[in-house]
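K.L.:
My questions all concern the structure below.
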Amino acid sequence: MIIINNSFYLSQKSLKYMTIIGFLIFLVVTPIMMYFYEISNYPVNFFESQLSFDGNIIKAHYTLMNRNEINLYKLANIFDYFFLISMGVIRFSVCIRIKRRFDNNSMLKKIGNLFIILGILSTIFDGLENIFILLMANDPIAFPNWYALIHSWFAFLKYILMFGVMVWIPIGLIFSSIYFKNK
């Protein structure tokens, strides 16, 4: 297992600022991203598109859109990079703050290390997924169908890891609160 130790140390103050900055970026970017997504008239929701695993389904979605709408959809996905970075920074900083609340050799600290890594990986998978969205949108009728398959696998992995991290955060906070009460 990879251990994230004090050789890469961010102060509590730095982590607090990272969380706040990530949240502020999230607050600014989310409405802009959603606005462009809405006016693009993409015919289905994120989950249905991202987890389709089928290029023909995504091509069918694009046939319902004109070139301007596809460009707006691409713009929404470009803003999604700022969104995913903001969420990645929030998950990263919060997970580090939680794991630091446990003793150095405790199992919970090791679990915290794992979720820091999973949070980073979920952000990377999200960015890779967006690359394939943009590739497909650049050639909406003739892109290779395997783009959709790879795109959906990155989305699937992103959602699994992101869900795991989002479940860990409240569990880690609860365990760390109990840990401090008993210390």
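K.L.:
Against the condition within 16 Å of the chain's Cα centre (by Cα) and among the β-branched types (V, I, T), how does I111 come out, does it pass?
P.N.:
So I111 fails the test.
K.L.:
Any idea which residue in region 101-111 is surrounded by the most Cβ atoms within 10 Å (Cβ to Cβ), counting only those that are out of contact with any helix residue (DSSP H, G or I) (no Cβ under 8 Å at 6 or more places or on another chain) and without any contact (Cβ under 8 Å) to a residue 40 or more places away in the chain?
P.N.:
Here the answer is S106.
K.L.:
Sticking with this structure for a sec: Can you confirm whether region 42-59 contains a residue that is surrounded by 16 or more Cβ atoms within 10 Å (Cβ to Cβ) and under 20 Å from F175 (Cα atoms)?
P.N.:
No, region 42-59 contains no residue that is surrounded by 16 or more Cβ atoms within 10 Å (Cβ to Cβ) and under 20 Å from F175 (Cα atoms).
Conditions (1) surrounded by fewer than 21 Cβ atoms within 10 Å (Cβ to Cβ); (2) without any contact (Cβ under 8 Å) to a residue 60 or more places away in the chain, marked per residue:
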site	(1), (2)
H61	yes, yes
E69	yes, yes
F83	no, yes
C95	no, no
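K.L.:
Filtering region 102-142 down to residues that are among the acidic types (D, E) and not in a helix (DSSP H, G or I), which residue is farthest from I58 (Cα to Cα)?
P.N.:
D103
K.L.:
From Y62, Y81, grab the single residue that is within 24 Å of I150 (Cβ to Cβ), outside any loop (DSSP other than H, G, I, E, B) and within 23 Å of the chain's Cα centre (by Cα).
P.N.:
Y81
K.L.:
If we keep just the residues of region 143-183 that are in contact with a helix residue (DSSP H, G or I) (Cβ under 8 Å, 6 or more places away or on another chain) and not in a helix (DSSP H, G or I), which is nearest to N66 (Cα to Cα)?
P.N.:
This residue is F143.
K.L.:
Among the listed residues N71, N41, identify the single one that is within 30 Å of Y147 (Cβ to Cβ), at pLDDT 95 or above, part of a loop (DSSP other than H, G, I, E, B) and polar (S, T, N, Q).
P.N.:
N41
K.L.:
For the condition at pLDDT 95 or above, of a type in the set (S, T, N, Q) and closer than 22 Å to G164 by Cα, what is the one hit in S49, S86?
P.N.:
None of the other options fit; the residue is S86.
K.L.:
Scan region 112-134 and tell me whether some residue there is of a type in the set (V, I, T), under 22 Å from L72 (Cα atoms) and surrounded by fewer than 17 Cβ atoms within 10 Å (Cβ to Cβ).
P.N.:
Yes, the conditions are met somewhere in region 112-134.
K.L.:
Mind listing whichever residues of region 108-127 are under 27 Å from S49 (Cβ atoms) and among the small types (G, A, S)?
P.N.:
G119, S122, G127
The values are calculated or read from the model by the stated rules, or taken from the named source; none is laboratory data. On a predicted model such as this, the values are computed, not experimentally measured, just so you know. A quick note on method: Cβ atoms are made from the backbone with ideal geometry, for glycine too, and the neighbour counts reach across all protein chains shown.
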